[in-house]
Amino acid sequence: MPAFTLDPAQTAWCAELRALAADRLGPLAAKGEPGRVNRELLLALGGLGLLERQFTAGALDLCLLRESLAQGCTEAETALALQGLGAYPIVLAGTAGQRARWLPEVGAGRAVAAFALTEPAAGSDAAALALRAVPDGGSGGGDDGWLLTGEKRWISNAPEADFYTVFARTGPAAPEATGSRGITAFLVPADRPGLTGTALDMLAPHPVGALRFDAVPVTRADVLGEVGRGFRVAMGTLNLFRPSVGAFAVGMAQTALDAALAHTATRTAFGGPLKDLQSVAHQVAEVATRIEAARLLVYAAACAYDTGAPDVPARSAMAKLYATETAQFAVDTAVQLHGARALQRGHPLEHLYREVRAPRIYEGASEVQRTIIAKELYRATANPPQAVG
């Protein structure tokens, strides 16, 4: 079988997901309030078993899931992905108690999760985190507890999440801080004293907010993984979800291409259908070619993750970079081919035009992905594989 060709069962599952997204999840998404967590939609995703599947499926299945949902309902895809991103650190590094407490609730759609990494001055440079975890003398010192003080910003599902996976600096404070070392991951329930949040009004109507930590107490029981090794938890989560961000982008790009094909095949101008104009036909061909290349990069990165290949960071970065940039190109081209009608509020392409911009920034901006790719290339050059025999 040629590489990355889907088998009949996978193809049928993707078709089923697209139909579910359009027919069942779309109406629930339409009933939601822009900028707010849609708990009814989450319960539906949980009832279908899709939220829980994120924690048991491989990276390729996750990519197929996100791409298919994105083609039918971007809101459903985003709601699913945010649950996965917020809770996957528990899958990766949580204790048995943490998993038992939260994963069934997240999988059922009853609890809302959030991944709290970004800060006002530490977005793409995640190693520059300033949120401090100061030893809490009242609870017996740093071996037992800390107080979290600082801010997180542009956090999806904030401030409505039921818990946050929070990354804070337990090591030296700036300017003595040593990059990614000394960062610890914590599981912080939303009802902890001192934790407050506000919603942010963003271009795309997703729930995004800012969090304020005013001496929020956490204990060793709240640590995800090891003290001082939280950056590994963050990167382990992002290495899985970056290719699937690419899958989300591919889904949006495919929807834009389908719309462009349908429109240019029937829209008459200059004496015939738009598709007969070479300039139009070549634009459509370029979009289709880039989407196929992006899809293959996403599948390759997912397969590398599933097989434990050593080049996962580079492949994940390539997939996320190329797919999100391609989606922007595809949606913009489709809007251009449709003309003013595509900019009217409520048009599917108008919706995609607002949705497609953010993935080029979150989970590492395109410039960060290029930096990761280059760093991995030079690392491979400095440490070439040894000959066998």
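All of the numbers you see were taken from the coordinates with simple rules; none came from a lab. No experiment lies behind these values; they were computed from the predicted model shown. Methodologically, a virtual Cβ is constructed for each residue, glycine included, from the backbone with ideal geometry; neighbour enumeration extends over all protein chains shown.
Some observations on this one:
- Residues of region 356-374 with amide N under 20 Å of the 7 Å Cα→Cβ point at ASP125: 361-374
- THR198-ASP23 pseudo-label distance in nm [points 7 Å out on the Cα-to-Cβ vector]: 4.5
- For the chain, the share of DSSP beta bridges that are antiparallel, to the nearest 5, is 85%.
- Once you reduce region 315-389 and region 203-277 to the center of their Cα atoms, the two points are 10 Å from each other.
- Per-residue Cβ neighbour counts within 10 Å put ILE361, ILE155 in the sequence ILE361, ILE155, beginning with the fewest.
- Given R0 = 25 Å, the distance between the Cβ atoms of ALA30 and ASP276 translates into a calculated FRET efficiency of 0.10.
- Under the combined filter of DSSP loop state and at most 10 neighbouring Cβ atoms within 10 Å, region 335-389 retains these trypsin sites (Lys or Arg not before Pro): ARG345.
- Cα shape, the chain, gyration tensor, a/c 1.5 rule: prolate
- Label-point gap, in nm, between LEU43 and THR307 - each point 7 angstrom along Cα→Cβ: 4.4
- Debye intensity ratio in log₁₀ form over the Cα atoms of region 167-271, taken at each q of 0.12, 0.14, 0.21 Å⁻¹: -0.66, -0.81, -1.21
- Among TYR353, TYR378, TYR164, the residue with the largest mean-square fluctuation in a Gaussian network model of the chain, with springs joining Cα atoms closer than 10 Å, is TYR378.
- Note on ARG232 and ALA269: the model spin-label points, each 7 Å out from Cα along the C-beta direction, lie 5.6 nm apart.
- Based on DSSP H segments of at least four residues, each scored -39500 (n - 2.57), the chain has a per-residue ellipticity at 222 nm of -17000 deg cm²/dmol.
- Once you reduce region 58-101 and region 287-311 to the center of their Cα atoms, the two points are 18 Å from each other.
- Sorting ASP23, ASP61 from the fewest to the most surrounding beta carbons within 10 angstrom yields ASP23, ASP61.
- Most mobile of LEU147, LEU203, LEU187 in a GNM of the chain (Cα contacts under 10 Å): LEU203
- Note on ALA382/LEU6: beta-carbon distance plugged into 1/(1 + (r/R0)^6) with R0 of 41 Å gives a FRET efficiency of 0.65.
- Across region 192-205, coupling constants 3J(HN,Hα) worked out from phi with the 6.51/-1.76/1.60 Karplus curve, θ = phi - 60°, read 5, x, x, 9, 10, x, 9, 7, 10, 8, 10, 4, 8, x Hz, and Gly and Pro carry x.
- Positive minus negative residues near GLY97 (Lys, Arg vs Asp, Glu; Cβ under 15 Å): +1
- Fluctuation leader among ALA247, ALA334, ALA215 - the chain, Gaussian network, Cα springs under 10 angstrom: ALA215
- Nonlocal amide H pairs with LEU224, under 5 Å, H built at 1.01 Å: ALA185, PHE186, LEU187
- Taking every Cα-Cα distance in region 8-108 and sorting them into 10 Å bins starting at zero, the pair-distance distribution P(r) comes out as 16, 49, 28, 7 percent.
- Contour minus Cα-Cα distance for THR95 and GLU350 (0.36 nm per residue): 87.4 nm
- Relative contact order of the chain, pairs being alpha-carbon contacts under 8 Å that are 6 or more residues apart, as %: 15
- Note, ³J(HN,Hα) from phi for region 20-30, Karplus 6.51, -1.76, 1.60, rounded to Hz, x at Gly and Pro: 4, 4, 6, 8, 9, 7, x, x, 5, 5, 5
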